[in-house]
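Here's the structure, in structure tokens; my notes come after.
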Amino acid sequence: MKLNRSILIGTLAAATAGFLLTRSFAAESPKTLKADVGRGAEIVASGTDYGVAACARCHAFDGTADGSGAFPKLSGISSYYLEKQLRDFASGLRTDAIMSAIARKMKVEDIADVSEYYAGVRGTPTPAPPAAQDRLALGTRLATVGDEEKKIQACEGCHGAAGRGEGPAIPPLAGQYSQYIAFQMRMWQMGYRKNDANQQMGNIARRLSAKDIEAIGLYFERLPQKDLAKNKRQP
Amino acid sequence: MAEKLKPVDVVVVGVGFMGAIMAKELAAAGLTVVGLERGKKRWTVPEFQSPDIHDELKYSIRKGMMQDVTREAMTFRNNSSQEALPIRQWQAFLPGSDLGGSGVHWNGQTFRFTEADFVWHTRMQERYGKTFVDRNLIIQDWGITYDELEPYFDKFEYLLGTGGKAGNLNGKIQPGGNPFESWRSREYPNPPMKEQYGGVLFRKAASEMGYHPFVQPSSNMTRPYTNPEGLQLNACNYCGFCERYACEHFAKATPQTVILPVLLKNPNFELRTEAQVLRVNLDGHKKRATGVTYADATGREFEQPADLVIITTYALNNARMMLLSGIGKPYDPQTGEGVIGRNYAYQTTGDVYVFYDESVNINPFMAAGASGTLIDDFNDDNFDHGPHGFIGGSYIMSALTNGRPIEFHPTPPGTRDWGKEWKAAIRRHYNHTAHMLIHGSSMPTRTNYLDLDPTYKDAWGLPLLRVTFEFPDNDVKMTQFCVDRAVEVGKRMGAKTVAGYPRKPPFTTQKYQTTHNTGGVIMGSDPNTSALNRYLQSWQAHNVFVVGASAYPQNPGYNPTDTLGALAYWSVDAIKKQYLKKPGALVSA
Amino acid sequence: MKRNREQQGSRRDFLRSAFAVGVSSAVISVEQIRAASSKMRSTDNAKTFAFFRPEEAAFVSAAVDRFIPPDEEWPGAVDAGVVEYIDQQMAGKWGSAGYMYWHGPFKEGTPSQGYQLPLTPAELFRRAIAAINQHFTTQATPFHQLSTDKQDEYLETLLANKTTLNGVPSKVFADFLLQHTIEGFFADPIYGGNRNMVGWKMLGFPGPYADYYELIDQYGIKVDRDPVSIGSSPRHHAM
């Protein structure tokens, strides 16, 4: 029984991996897949018995993570975006020491379910650490106006008014941990992260100084995380 | 009394795309250059940032980026038997203004004219005989060949970062490109745009019918790009706010993104904005410009002496500037004599709407300025016109550049245009309707022309430009033919309803039909029938160059900007290599 | 021109209670819509408009609600704030012909030559509506109290240019009013119309925040997010 099951799981895993790898950029997750929020909550809370870790261990059950900034908040981010990140972790298009291994264990349904779960969850607001006025002013300027010399458009032009995102493809930044934003910006900057659609982020990040990046993180962190549950996946 | 300023080598009148190119090249060559722009400075940051820039009422409806019609309008009539009246609000064509000019709010559609276009008169005679072309049409050769211009097309496209797929590389037809284009020496600097859903549906139908669909060449960046001037552009986001708007992403090729920062860094160049040039001044013999006179924002007048005057104020305004300055004899449609104002042409456009059922989400708002899919099979001289009795043609392009709702809410024919039925219809069809633009040529006639209005004046008391224009029968036949072909493709696209709208006379100023005004200060080989020689140098005043689509003897079915950029580089090359070494006429009359 | 903040606030609260805000799939009964709008009209006419006199607002409200009528699913022009939009436009630069070449002589032209009347948009409205209201003093019922069928009939005669209104060809005025109705229904809400972006929601237009690189070639995808107005950005400014 166990042997058969592991063969089955192995086959399924292989098929899943193959399936994920063959998914081209333009082709989206299967349109026929209907996400199961309840099952998503279960996986988030306790993982699966085939080795998918419980998301809540790092990201918390309500998506607020643990306050350290090492793990991003996930609450209210569109299921489309979350699914894409998980798929990209699984395929190697995006890499992370922890997430890559987890994503590779996930089935297509798991990805859909946990994404749907976190997309609909309302996180807990976290207090933003104090920030110097000049840093905030810099961050506000870059985020809402941009910089001509550096050829940077305002972040919010894509990431939405007050950082609420532009669903379903462009994620919100409002309320996200400034350390996490800064970390990702450095990943874009150094070319370790490359999984955005139009190679925009690397370009932008490479034109920003460390001070700019810090300032942008500080700006977005203190914006209220709106209820973003309307960023649905496509039918 | 105008205050006389210190002389400079060059004055450039109008700092749009061509003005920026001319100024940059001449300043880099070591000349002192003053650029006079009537409008204001503006930059991607902060003036072009979203969401504010995506304001349909402000920019599409109230024409926020356009020439200030309250101060400087034009008058219009269909023919000389009518009295011209002011165009009190731009609708049909939308001349730009401010730093960067129309180069800021254009769509980035980037087509070269063909080999045939530059020798159009000769080609029509050779292929169809001496009596085929309607006698009312005054088509002419340009005095230049495509082959001469090719390197300059290349230079301009690499400046812009145009994205596309070559269809003809050094004579070899390439799959994926336009098989009808004239040869190019190398690939585009960037790959083609993504296709819209409507474009993909069009492509399938057109291919099945034996036509040759390809993706429209686009100067909305298809990927991050650093141009030969060292300027960095970002990738286009297909936001659906391209024409009439500025780009917040540094993704549209505009003077601001591809050349102005370099120009402004050169200490040889000085930019003066809010400087309204009133006229070019000539010496006593009227064979040489001495400079220009302009008024500042408070109305104070200045005389700027210069050795070289480059006029780049936009095609229509170029003609006006020549008339106001007395450079070139004004064209008289009665006698056929004179050169300034003759060969005025436009663009003959039609539309086809393809109505799908509700399962097909077309998403019109996902669009770049130049993300169409088109066929060139019925354009230019790409097919045998013998059986059809007209010359010229149109490209047939599936494209929706936007889904902005004040402008775009299509309904099938027979729907009333208000009320409960209309409201239900726009809701039903908004996201399920594809569109084809039938973008066609415009032939010049003896009676279509530009001159100065006898009655109406601008805010400086100077006569407005008067436009006298009607579609010639040739073009009416042409557009009907092309729309019929397009409707056939539409039916093949598998839609429920297809509606074709060919352009019919009278030409009206009240419906948008492109800002592709051409002619009025045309180039050619004969000073009796052209205002400029092949280097865009005035036959009359040798230190005056006029760079605009005003130079085109007729307007082919392709968008005008690519060819204009090539001509600008060609002209400034001649200035640098020939004129500066020996100022004088570059072509003996 | 700027509406009293208090009034603005209370009207907004009223709107919220009158029908659901921000959720496109809410079904509102026609009765609710009519009740809400007639209540708004009775309180607003006398005080709120910068340009429209009460008798002008009465006609305009009724007329635009025929151009874009309320139905079971979607509000009509009045509830979308079209009258407020037109009012602001008439009271501002556009209304005083600040965006047009406004030098004479003014002469009658051909249709190809476009608008040539020596009347600013505001003057055009005032003059034409005065003629319409004058006409209805000779009728048994004022326009805004006619049945919708009769209202439609009258608007059709205007659009068909069957009469002149104090010298203004009726089609010129009617086309103008229709154009303004469409603008008011679909322009960004910062201009007073398209309340809660109902016009955009009705069509499925996502609004001014627009970046579709990743989605454009996912052919047929349905974009499901609520639109966001320019007004959501603290830096925004209207014309």
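The values are calculated or read from the model by the stated rules, or taken from the named source; none is laboratory data. Only a predicted model underlies this, so the values are computations on that prediction, with no experimental measurement involved. Glycine gets a Cβ as well: all are built from the backbone with ideal geometry, and neighbour counts include every protein chain shown. Please note that ligands, DNA and RNA were not included when accessible areas were found on the heavy atoms of the full protein model with its side chains. Shrake-Rupley method; radii C 1.70, N 1.55, O 1.52, S 1.80 Å.
Using the Karplus curve 6.51 cos²θ - 1.76 cosθ + 1.60 with θ = phi - 60°, work out ³J(HN,Hα) for each residue of segment C:133-150 in order, rounded to whole Hz, and write x for Gly and Pro.
So the Karplus estimates, Gly and Pro as x, are 5, 4, 4, 6, 5, 8, 9, 5, 10, x, 3, 6, 10, 5, 5, 5, 4, 5 Hz.
Taking a cut-off of 17 Å between Cα atoms, list the lysines near B:K204, but don't count ones fewer than 8 places away on the same chain.
Within reach: B:K194, B:K491, B:K496.
Per residue of segment B:366-372, in order, report the coupling 6.51 cos²θ - 1.76 cosθ + 1.60 (Karplus, θ = phi - 60°) as ³J(HN,Hα) in whole Hz, putting x for Gly and Pro.
Running phi through 6.51 cos²θ - 1.76 cosθ + 1.60 with θ = phi - 60° gives 8, 7, 9, x, 9, 10, x Hz.
How many percent of Cα pairs in the protein assembly as shown exceed 51 Å?
It works out to 25 percent of all Cα pairs.
How much accessible area is lost when chains B and C come together, counting both sides, with a 1.4 Å probe, in Å² rounded to the nearest 100?
Buried: approximately 5900 Å² between C and B.
So what's the net charge close to B:A541: Lys and Arg +1, Asp and Glu -1, counting the other residues with Cβ under 15 Å from its Cβ?
On the way: positive: B:R279, B:K286, B:K287, B:R288, B:K329; negative: B:D283, B:D307.
My count for the surroundings of B:A541 gives +3.
Using helices alone, I'd like the mean residue ellipticity at 222 nm for chain B: each DSSP H run of four-plus residues gives -39500 (n - 2.57), total over residue count, nearest 500.
It comes out at -6000 deg cm²/dmol, rounded to the nearest 500.
Over segment A:33-120, what relative contact order in percent results from Cα pairs under 8 Å that are six or more residues apart?
Across segment A:33-120, relative contact order equals 38 percent.
Find the relative contact order for chain B and round it to a whole percent, using C-alpha pairs within less than 8 Å whose residues are 6+ positions apart.
Result for chain B is 22 percent.
If you average the sequence gap of Cα pairs under 8 Å that are 6 or more apart and divide by the length of segment A:130-221, what percent do you get for the contact order?
It rounds to 36 percent for segment A:130-221.
What nm value, rounded to one decimal, do you get for the distance between B:K582 and C:T164 when each label is placed 7 Å out toward the C-beta?
Between B:K582 and C:T164, the simple spin-label model gives 6.9 nm.
Taking the Cα centre of the protein assembly as shown as origin, sum charge times position over the Cβ atoms of Lys and Arg (+1) and Asp and Glu (-1), and report the length of that vector in debye to the nearest 20. Each step should come with its number before you reach the end.
Working: 116 positive and 111 negative charges, 256 e Å.
Roughly 1240 debye, rounded to the nearest 20.
Tell me, how many Å apart are the Cα centres for segment B:163-215 and for segment B:93-138?
21
Please list, in order along segment B:470-481, the HN-Hα scalar couplings obtained from phi with the Karplus expression 6.51 cos²θ - 1.76 cosθ + 1.60 (θ = phi - 60°), rounded to whole Hz, x for Gly and Pro.
Karplus-based 3J(HN,Hα) across segment B:470-481 equals 9, 5, x, 3, 3, 6, 5, 5, 4, 6, 5, 4 Hz.
Expressed as a fraction of 2.2 N^0.38 Å, the rule-of-thumb size for a compact globular protein of N residues, what is the C-alpha radius of gyration of segment B:79-211? Walk me through the intermediate numbers first.
On the way: Rg = 19.4 Å, N = 133, 2.2 N^0.38 = 14.1 Å.
Taking N as the residue count of segment B:79-211, the ratio is 1.37.
Size of the dipole of segment A:33-120 about the Cα centre, Lys and Arg at +1 and Asp and Glu at -1 on the beta carbon, nothing else charged, in debye to 20?
The calculation lands at about 240 debye.
Any of A:K151/C:K222; B:K511/C:K93; B:K329/B:K577; B:K155/B:K477 with alpha carbons more than 26 Å apart? Name them for me.
With Cα atoms farther than 26 Å apart: A:K151/C:K222; B:K329/B:K577; B:K155/B:K477.
Straight distance only, please: which aspartates and glutamates reach the Cα of B:K286 with their own Cα at less than 20 Å, same-chain residues fewer than 8 apart left out?
B:D9, B:E303, B:D307, B:E337, B:D451, B:D526
Taking the radius of gyration and the Kirkwood hydrodynamic radius from Cα positions alone, what is the Rg/Rh ratio for segment A:130-221, to two decimal places?
Radius of gyration relative to Kirkwood radius: 0.93.
For B:M493, A:M187, what's the largest-to-smallest order of accessible area, 1.4 Å probe?
Largest to smallest exposure gives the sequence A:M187, B:M493.
Check B:I340: other-chain or 5+ apart residues with amide H under 5 Å from its amide H, H built from backbone geometry?
Under 5 Å from the amide H of B:I340 lie the amide H atoms of B:K329, B:Y331, each far enough along the sequence or on another chain.
What's the Kirkwood radius of segment B:179-336 in Å, using all Cα pairs?
20.4
Rounded to a whole number, what is D in µm²/s for chain B from Stokes-Einstein with the Kirkwood radius over alpha-carbon pairs (25 °C, 0.890 mPa s)?
Taking Rh from Cα pairs, D becomes 102 µm²/s.
Would you grab the residues whose amide H sits under 5 Å from the one on C:G98? Only those 5+ places off in sequence or on another chain, please, with H modelled 1.01 Å from N.
Those qualifying (amide H under 5 Å, at least 5 residues apart or on another chain) number zero.
Once you list every other residue whose beta carbon is under 14 Å from the beta carbon of B:V498, what net charge do they have if Lys and Arg are +1 and Asp and Glu are -1? All intermediate terms of the calculation are to be shown ahead of the outcome.
Details: positive: B:R485, B:K491, B:R492, B:K496; negative: B:D351, B:D357, B:D484, B:E488.
Charge balance near B:V498 sits at 0.
State whether segment A:33-120 is rounded, prolate or oblate according to the following rule on the C-alpha gyration tensor (a ≥ b ≥ c being the square roots of its eigenvalues): a/c under 1.5 gives rounded; otherwise a/b larger than b/c gives prolate, and the remaining case gives oblate.
It is rounded, given that a/c, with a ≥ b ≥ c, falls under 1.5.
What residues qualify as long-range amide H neighbours of B:R466, i.e. H under 5 Å apart, gap of 5 or more or another chain, H built at 1.01 Å from N?
Distant-sequence amide H within range of B:R466: B:T75, B:D451, B:L452, B:D453.
To the nearest 0.05, what FRET efficiency results for C:Q145 and B:Q510 with a Förster distance of 41 Å applied to their C-beta separation?
The computed FRET efficiency comes out at 0.70.
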